[in-house]
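Read the structure below first, then the notes.
The values are calculated or read from the model by the stated rules, or taken from the named source; none is laboratory data. These numbers come from a predicted model, not from an experiment. We place every Cβ from the backbone using ideal geometry, glycine too, and count neighbours over all the protein chains shown.
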């Protein structure tokens with residue numbers, strides 16, 4: 001009984017919350033209609049929506065969205081494989097760790113975007129540059145998380161592995177990766193965000209097919225409705241990727257919640 | 001004396017620098033526009049320090065980062081406290097916050113650009129947007145996590161809402177708010193450099209881009225290493241402050 005009441009009130013609150021957001025959109029519409037802010041900077045939600053629908057149905061907004069998703073996905077997948085593999089190698093070698101980890105930690109606060117000029121010097125303003133930047137930048141949180149996860153494995157498990165004479169590969173796959181999986185998945189969640197940001201920056205800089213380029217040219221041409229449509233799509237990509245990764249994280253870590 | 005671990009930590013970078021120098025000398029890097037031996041990176045850095053460009057660019061980056069952090073952080077802190085204290089407001093704002101927060105901060109760059117043009121204000125506005133979220137989310141969580149008995153005490157004392165926030169909520173939530181502040185400071189530096197590299201003609205990010213376009217890999221790498229030092233020092237300083245000020249009270253799980 002109580003549970004059903006709380007479910008009811010949760011739904012009601014959700015509706016109220018949507019209504020509040022709708023009220024803000026209406027306020028935005030009123031501000032735009034009253035021309036309190038010049039329409040050059042601030043299109044009304046009606047115009048932004050129209051631009052979004054028009055771009056998706058007849059324009060090339062779909063292609064741009066797919067371009068951004070593609071950059072993100074390639075960079076992120078590359079980052080996941082390399083980051084986890086390298087992290088597992090470093091993390092499972094306790095004697096090597098003290099030599100490598102301080103250097104890795106030194107680079108942790110370095111803004112990844114600072115590497116963009118270095119990659120431009122190597123590859124020029126190209127697709128290769130963008131993918132390398134995204135891959136390298138997104139690899140970093142994953143690498144550090146994996147190393148950390150491996151280092152935090154219960155030491156007695158390693159002792160068990162030694163007394164069972166397990167090979168290095170078996171230690172990594174049977175002990176290291178499962179115990180480090182919460183850290184690795186948290187790293188993957190963080191690196192999705194990094195991949196999205198770096199994709200936008202690289203598209204913006206190198207003029208690659210993607211939403212980053214779209215919003216910049218819309219701004220240059222003062223087409224604010226198209227610009228807002230692009231920003232809305234980027235927000236949706238950010239939201240959906242975060243939801244998907246968080247869902248995968250919950251599904252894969254079910255065993256943890258069950259008390260083992 | 002340095003401990004054994006410190007020496008081990010230094011071994012890799014020192015080896016890399018020595019190898020870089022040997023390789024750079026042997027392979028006549030002047031023909032390549034993307035690399036430079038460590039010695040010429042050091043020389044380029046000394047030159048850039050002498051002519052004052054390191055100082056001005058670092059100052060510009062740090063000023064925009066901290067101003068943005070101050071503005072965005074204050075806004076995030078206030079909204080966070082409000083939402084933490086008033087569950088009704090929190091539930092009403094939920095959809096709004098959930099739909100704005102995932103927008104990558106760099107995506108609002110073109111919007112701010114046409115509204116404000118190039119310069120400090122462009123960068124400060126974007127940094128504020130980015131820094132607002134960690135403070136908002138973590139402050140809200142910190143305020144909700146305030147020991148319920150403290151709130152009972154404040155009710156028993158018949159404190160006004162303002163006094164309750166100032167005397168009970170903020171002091172109790174302060175350690176965790178500082179953690180949020182430290183995370184936001186890191187974000188501020190990242191966003192400012194990203195905006196400078198993408199478009200804004202000032203600061204360390206722009207200096208990096210200019211050095212690259214001038215085909216000066218030595219200067220570019222000098223700025224990159226310097227930026228690493230700046231980021232690392234900022235982080236180390238804030239961690240030190242956190243440990244000194246709050247000790248174990250600030251140890252909470254990193255959110256996000």
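Could you check the range A:232-245 and list, in sequence order, the residues that are touching a residue at least 12 places away in the same chain (Cβ under 8 Å) and more than 11 Å from the chain's Cα centre (by Cα)?
Kept after step one, since they are touching a residue at least 12 places away in the same chain (Cβ under 8 Å), are these residues of the range A:232-245: A:232-234, A:237-238, A:241-242, A:245.
Selection gives A:232, A:233, A:234.
For the structure I just gave you, tell me whether residue B:113 is modelled with pLDDT under 95 and more than 19 Å from the chain's Cα centre (by Cα). Give the steps one after another, and end with the answer.
Details: modelled with pLDDT under 95: yes; more than 19 Å from the chain's Cα centre (by Cα): yes.
Answer is yes for this residue.
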Item to complete: Output the residue which, of all residues in the range B:214-248 that are touching a residue at least 60 places away in the same chain (Cβ under 8 Å) and within 18 Å of residue B:13 (Cα to Cα), is surrounded by the most Cβ atoms within 10 Å (Cβ to Cβ).
Response: B:223
Discussion item. So if I check each of B:144, B:121, B:101, B:155, which one is closer than 25 Å to residue A:233 by Cα and surrounded by fewer than 17 Cβ atoms within 10 Å (Cβ to Cβ)?
Written reply: B:101
Practice prompt. Could you run through the range A:204-233 and say how many residues are surrounded by fewer than 24 Cβ atoms within 10 Å (Cβ to Cβ), more than 7 Å from chain B (Cβ to nearest Cβ) and under 18 Å from residue B:193 (Cβ atoms)?
Written response: 1
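Being more than 10 Å from every other protein chain (Cβ to nearest Cβ) and not in a loop (DSSP other than H, G, I, E, B) is the filter here, so list the residues in the range B:189-203 that pass it. Even if it seems obvious, please write down each step before you answer.
Let us first name the residues in the range B:189-203 that are more than 10 Å from every other protein chain (Cβ to nearest Cβ), namely B:200-203.
Within the range B:189-203, B:203 is the sole residue that qualifies.
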Worksheet item: For residue B:53, which of the numbered conditions (1) closer than 24 Å to residue A:204 by Cα; (2) in contact (Cβ under 8 Å) with a residue 60 or more places away in the chain; (3) surrounded by fewer than 21 Cβ atoms within 10 Å (Cβ to Cβ) fails to hold?
Response: (1)
Worksheet item: Any chance the range A:171-183 includes a residue that's crowded, with 21+ Cβ neighbours inside 10 Å, within 14 Å of chain B (Cβ to nearest Cβ), touching a helix residue (DSSP H, G or I) at 6+ places or on another chain (Cβ under 9 Å) and assigned to a helix (DSSP H, G or I)?
Response: yes
Worksheet item: Within the bounds of the range B:162-169, is there any residue that is farther than 30 Å from residue A:115 by Cβ, modelled with pLDDT under 90 and out of contact with any helix residue (DSSP H, G or I) (no Cβ under 9 Å at 6 or more places or on another chain)?
Response: yes
Worksheet item: If you go through the range B:165-176 one residue at a time, do you hit one that is more than 8 Å from chain A (Cβ to nearest Cβ), closer than 30 Å to residue B:109 by Cα and surrounded by fewer than 22 Cβ atoms within 10 Å (Cβ to Cβ)?
Response: no
Worksheet item: If a residue has to be touching a helix residue (DSSP H, G or I) at 6+ places or on another chain (Cβ under 7 Å), free of Cβ contacts under 8 Å to residues at least 12 places away in the same chain and more than 17 Å from residue B:87 (Cβ to Cβ) to count, how many in the range A:6-38 make the cut?
Response: 4
Practice prompt. Inspect all residues belonging to the range B:155-172 and state whether any of them is out of contact with any strand residue (DSSP E or B) (no Cβ under 7 Å at 6 or more places or on another chain), within 30 Å of residue A:231 (Cα to Cα) and not in a helix (DSSP H, G or I).
Written response: no
Fill in: Count of the range A:78-108 residues which are crowded, with 21+ Cβ neighbours inside 10 Å and closer than 24 Å to residue B:226 by Cβ
0
Discussion item. Considering only the range A:156-164, I want to know if a residue exists there that is within 26 Å of the chain's Cα centre (by Cα) and in a helix (DSSP H, G or I).
Written reply: no
Worksheet item: Given the conditions (1) in contact (Cβ under 8 Å) with a residue 60 or more places away in the chain; (2) away from chain B (no Cβ under 14 Å); (3) in a helix (DSSP H, G or I); (4) surrounded by fewer than 23 Cβ atoms within 10 Å (Cβ to Cβ), and given that residue A:150 satisfies all but one, which numbered condition is not satisfied?
Response: (4)
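Out of B:6, B:64, report the one residue that is touching a residue at least 60 places away in the same chain (Cβ under 8 Å) and either within 29 Å of the chain's Cα centre (by Cα) or crowded, with 17+ Cβ neighbours inside 10 Å (or both). Write out each step before concluding.
On the way: B:6 fails: touching a residue at least 60 places away in the same chain (Cβ under 8 Å).
After ruling out the rest, the residue left standing is B:64.
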Discussion item. Please list, ordered by residue number, the helices (runs of 4 or more DSSP H) wholly in the range A:25-117 having 1 or more residues that are over 20 Å from the mean Cα position of the chain (by Cα) and more than 12 Å from chain B (Cβ to nearest Cβ).
Written reply: A:45-57, A:61-91
Item to complete: Check off (1) under 23 Å from residue A:141 (Cβ atoms); (2) more than 7 Å from chain A (Cβ to nearest Cβ); (3) at pLDDT 90 or above for residue B:219 and give me the number that stays unchecked.
Response: (1)
